[in-house]
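The values are calculated or read from the model by the stated rules, or taken from the named source; none is laboratory data. Because the structure is predicted, anything quoted here is derived from the model rather than measured. Glycine gets a Cβ as well: all are built from the backbone with ideal geometry, and neighbour counts include every protein chain shown.
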């Protein structure tokens, strides 16, 4: 990534001072005068996964059920490490995941639906795949675990990705909104009897900026602010449409938006004009501001604090060798978590669920310390009036970390591929004991 982004850095270093004032701070968001009462019951202790990171394909190439996502094609183009067809076998061996979840003692579990699996070709739906997702939700409920379902977790069917015209791919494909409505209709109708909490989109804010400006996630557009703005508008429209469709099938549905919200720190030396800082504020809030009125829960994914500066995006000064950084080169800062929760509470005034919080590390001791310190900061925020309803550790199983490949150990468990069971890590055992001792945080 360093070599790929260096030209970007040089360009922005050159034009950044010129663009001072072109990127202004997002407007303050107006909280509802009378927020709707949202009942969620007991505190949600959970863990989260995603479809692409965990599901094996389940079918051989050439099978009518075989499918590809935009990420698969993007890997074939050589932009990112390939995931492979097996992942962590969470499609063909989902029961092992349920068994591990029961050992953890969580009362909620978030998993994703793979749109490409459900609709491998335009307008052609795999009813068996839909039934299996329903079965997954039912198995969770039978185990005393409430399912939370994400309908989009970064991936699109390959037929919405055009390698020859990336400016009309994914969120910018001319057919995407109509196709999305059909897909959401199918899944909402099938899952509504068994699922109350739906997540239309996971972290659209980060995916939009990385894919339509940073260039190293699909569709791979580099420095295209016009495409970024248009893609955000489309993503907002798709989220709002999904919320409406879901509620037609379940009137008491809980709609959650989930956003990656780092604690961006001003760096007056490296970003004197605040050009980068204000861009990151737009990344945090633009999509969320436009859909907050149709959601019941604001989902926060927090991992790190980072200087909002051009050089910090390109050069990761530390890795696992520094005790205050993760395998991904992210700075560990539990107090930043408190600041993010306070900011989201002040900006939106809605119940918050922490749907992802975790660390990539080879040290289980470091992972346990990370969880303990971040949960303590969540408790501090709650004591100061922030309405937090749940905490989900990322993630259940060590898995594929997107453009990083298999390069970060986030899991509470790891997969034993000989026995096809999930082996509890020390952090998983700690989390289980913590939940047992703290049904209320």
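Below, the figures for the structure above:
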| item | result |
| --- | --- |
| Filtered residue count, region 58-73, keeping only those that are surrounded by fewer than 15 Cβ atoms within 10 Å (Cβ to Cβ) and either in contact with a helix residue (DSSP H, G or I) (Cβ under 9 Å, 6 or more places away or on another chain) or on the phi > 0 side of the Ramachandran plot (or both) | 2 |
| Meets criteria (in contact with a strand residue (DSSP E or B) (Cβ under 6 Å, 6 or more places away or on another chain) and crowded, with 19+ Cβ neighbours inside 10 Å) for residue 260 | yes |
| Residue 306 assigned to a strand (DSSP E or B), over 16 Å from residue 350 (Cα atoms) and in contact with a strand residue (DSSP E or B) (Cβ under 9 Å, 6 or more places away or on another chain) | yes |
| Residue within region 344-357 that is more than 22 Å from residue 40 (Cα to Cα), touching a helix residue (DSSP H, G or I) at 6+ places or on another chain (Cβ under 9 Å) and surrounded by 19 or more Cβ atoms within 10 Å (Cβ to Cβ) present | no |
| All positions within region 310-333 that are surrounded by 21 or more Cβ atoms within 10 Å (Cβ to Cβ) and touching a helix residue (DSSP H, G or I) at 6+ places or on another chain (Cβ under 6 Å) | 310 |
| Candidate set from region 167-178 (those that are assigned to a helix (DSSP H, G or I) and touching a helix residue (DSSP H, G or I) at 6+ places or on another chain (Cβ under 8 Å)); member that is farthest from residue 137 (Cα to Cα) | 167 |
| Helices (runs of 4 or more DSSP H) (entirely within region 83-166) containing at least 3 residues that are surrounded by fewer than 16 Cβ atoms within 10 Å (Cβ to Cβ) and modelled with pLDDT of 95 or more | 94-104, 127-142 |
| Among residues of region 16-57, those that are out of contact with any strand residue (DSSP E or B) (no Cβ under 8 Å at 6 or more places or on another chain), in a loop (DSSP other than H, G, I, E, B), surrounded by 18 or more Cβ atoms within 10 Å (Cβ to Cβ) and modelled with pLDDT of 90 or more, counted | 2 |
| Residue that is within 19 Å of the chain's Cα centre (by Cα) and either in contact (Cβ under 8 Å) with a residue 40 or more places away in the chain or surrounded by 21 or more Cβ atoms within 10 Å (Cβ to Cβ) (or both), where the choices are 240, 265 | 240 |
| From the options 298, 294, residue that is over 22 Å from residue 396 (Cβ atoms) and crowded, with 20+ Cβ neighbours inside 10 Å | 298 |
| Qualifying residues in region 194-237 (those that are under 18 Å from the mean Cα position of the chain (by Cα) and in a strand (DSSP E or B)) - the one modelled with the lowest pLDDT | 214 |
| Close pairs (8 angstrom Cβ cut-off, 6 or more residues apart or separate chains): on the phi > 0 side of the Ramachandran plot in region 151-166, modelled with pLDDT of 95 or more anywhere | 154/50; 154/52; 154/71; 154/202; 154/203; 154/207; 154/217; 154/402 |
| Odd one out for residue 281, checked against (1) under 26 Å from residue 235 (Cα atoms); (2) in contact with a helix residue (DSSP H, G or I) (Cβ under 9 Å, 6 or more places away or on another chain) | (2) |
| Residue within region 407-427 that is closer than 25 Å to residue 256 by Cα, in contact with a helix residue (DSSP H, G or I) (Cβ under 8 Å, 6 or more places away or on another chain), at pLDDT 95 or above and surrounded by fewer than 24 Cβ atoms within 10 Å (Cβ to Cβ) present | no |
| Residues satisfying the stated conditions in region 373-388, i.e. surrounded by fewer than 20 Cβ atoms within 10 Å (Cβ to Cβ) and in contact (Cβ under 8 Å) with a residue 60 or more places away in the chain | 379 |
| Of the criteria (1) within 29 Å of residue 38 (Cα to Cα); (2) surrounded by fewer than 17 Cβ atoms within 10 Å (Cβ to Cβ); (3) out of contact with any helix residue (DSSP H, G or I) (no Cβ under 6 Å at 6 or more places or on another chain), which one residue 181 fails | (3) |
